[in-house]
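So the structure is just underneath, and the comments pick up after that.
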Amino acid sequence: MRGDRTTTPGAGTGTGVSGEPQPPRRRARTAGRRASARAYRNPLTRLLGAGRRPPEGRSTTAYDLAVRRRLLLALSALLTLSLFLSYQGVHGDADPLRTASAPAVLSLDTAQYALGQAQRDAGAAAPTSDFQKQISVAAHSLAAAAGDDVGGPAGRQALQTVAGLITMYAVKVQRSQLQPDQDVLREAYRSYATSILTDKGSGIQARLTVLQRQQRAAVHRQTSFGPLLWLAWTTTLLLALALATALVETQLFLRHRFRRRYNRHLVAAGVLLLGGVAVTVLFTVWTHQGMADTRALLERRLDGADITEAGRDTASYLAHTGFRAAAAVWILIGGILLMALAETGLRRHIDDYRFRPR
């Protein structure tokens, strides 16, 4: 008929593919599913494994609690790992520096100084007790350096070689002193002893200088605060800030949603976080400052009374580093406790919504 109008299937608002109107409830469910899918595509939501966000019109409290719980646990775990590695990066070298590297440098300096004094006494007309004393000091210092594991197996082998050369040097000096004055044999023994001590390629002093240089390089490596440590500590502090922000936001969320002024578990977690980070940073600053002072003290070769004074100063700079290094295990314990507090602080609310009828 002329007045009839033809209706196109699916045309107009609220119609389906067959041309039938789509019920409002179905349209709401469709929009809700689309919104849920968009929320699920959120990288943070997918990373936390929180599942799909409930459609519009339904309660999102359980979902919001689950997201915050997973976020707090993830940040706590990452912070614990990062703080432990950063802390160990500084304190892990403090105890070896105090017990081995620094004493080894002082032992080598003592041996070098004692041999210089022995060379001065080697020109005496007859054997003297001062010469024997200096040789004994040098031998004892080398034994102490070997006990500090200077340079590993190669360093111990070098120290054994030097110890053998010192014994040979002492024998030649004593033989020269037993010969008559102006005797050719006396001069020959003395010349040979001098070459054993001062030869630039293979003499005792040259070998000790190489060992001293290597050991001071080891001290420099142990006391350096390089780019990796800066990056590790920067990451740690950023994670601590992120976790503190998440704890505050979760506390405000619970206060707004459940009308509870404070969540004691989250407050305790915040106190533990701030206190733990502050203590570890303070310990690290103290330890690094002591290590830096030790490096500055040992950078130059020491002689005589300066060696004894340097030993006392080094012991003072590195005091309590062993205790602070052992505190690393408390970082792991604190991280576990932090995660437990975050879990228990939200678990009761999550359980309440888990078993509510829908």
Would you mind telling me which numbered condition in (1) among the hydroxyl-bearing types (Ser, Thr, Tyr); (2) out of contact with any Lys or Arg (no Cβ under 9 Å at 6 or more places or on another chain); (3) surrounded by fewer than 20 Cβ atoms within 10 Å (Cβ to Cβ) residue 262 fails?
(2)
Cβ-Cβ under 7 Å pairs, at least 6 apart or on other chains, segment 141-153 side among the polar types (S, T, N, Q) and open to solvent by 50 Å² or more (accessible area, probe 1.4 Å), far side modelled with pLDDT under 90 and part of a helix (DSSP H, G or I):
none
Residue count, segment 114-142 (criterion: hydroxyl-bearing (Ser, Thr, Tyr) and at pLDDT below 90):
2
Having 3 or more residues that are within 32 Å of the chain's Cα centre (by Cα) is the bar; report the helices (runs of 4 or more DSSP H) wholly within segment 167-273 that clear it.
204-223, 227-258
Check on residue 190, in contact (Cβ under 8 Å) with a residue 12 or more places away in the chain, open to solvent by 50 Å² or more (accessible area, probe 1.4 Å) and charged (D, E, K, R):
yes
In segment 306-322, is there at least one residue being in a loop (DSSP other than H, G, I, E, B), at pLDDT 90 or above and open to solvent by 30 Å² or more (accessible area, probe 1.4 Å)?
yes
Could you list, ordered by first residue, the pairs with Cβ atoms under 7 Å in which the first is in segment 307-334 and free of Cβ contacts under 8 Å to residues at least 40 places away in the same chain and over 30 Å from residue 271 (Cα atoms) and the second is open to solvent by 20 Å² or more (accessible area, probe 1.4 Å) and of a type outside the set (A, V, I, L, M, F, W, C), at least 6 apart or interchain?
317/293
Please specify each residue of segment 329-343 satisfying the condition of being under 21 Å from the mean Cα position of the chain (by Cα) and open to solvent by 70 Å² or more (accessible area, probe 1.4 Å).
329, 330, 332, 333, 336
Cβ pairs under 6 Å, 6+ apart, first in segment 155-172 and closer than 17 Å to residue 132 by Cβ, second open to solvent by 60 Å² or more (accessible area, probe 1.4 Å) and in a helix (DSSP H, G or I)
172/192
Given (1) hydroxyl-bearing (Ser, Thr, Tyr); (2) farther than 30 Å from residue 99 by Cβ; (3) touching a helix residue (DSSP H, G or I) at 6+ places or on another chain (Cβ under 7 Å), residue 245 misses just (3)
When you look at residue 197, is it within 16 Å of residue 140 (Cα to Cα) and open to solvent by less than 50 Å² (accessible area, probe 1.4 Å), yes or no?
no
Test for residue 162: is it open to solvent by less than 40 Å² (accessible area, probe 1.4 Å), under 17 Å from residue 203 (Cβ atoms) and at pLDDT 90 or above:
yes
For the condition surrounded by fewer than 13 Cβ atoms within 10 Å (Cβ to Cβ), of a type outside the set (A, V, I, L, M) and either closer than 30 Å to residue 270 by Cβ or at pLDDT 90 or above (or both), what is the one hit in 245, 209, 236?
245
For segment 88-134, the count of residues that are among the acidic types (Asp, Glu), in contact (Cβ under 8 Å) with a residue 60 or more places away in the chain and open to solvent by 50 Å² or more (accessible area, probe 1.4 Å) equals 2
Is it true that some residue in segment 177-196 is in contact with an Asp or Glu (Cβ under 9 Å, 6 or more places away or on another chain) and within 19 Å of residue 115 (Cα to Cα)?
no
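The values are calculated or read from the model by the stated rules, or taken from the named source; none is laboratory data. It should be emphasised that the depicted structure is a prediction, and the values quoted were computed from it without experimental measurement. As a convention, Cβ positions derive from the backbone with ideal geometry for all residues, glycine included, and neighbour counts pool all protein chains shown. Ligands, DNA and RNA are excluded from the accessible area calculation, which covers all protein heavy atoms including side chains. Shrake-Rupley method; radii C 1.70, N 1.55, O 1.52, S 1.80 Å.
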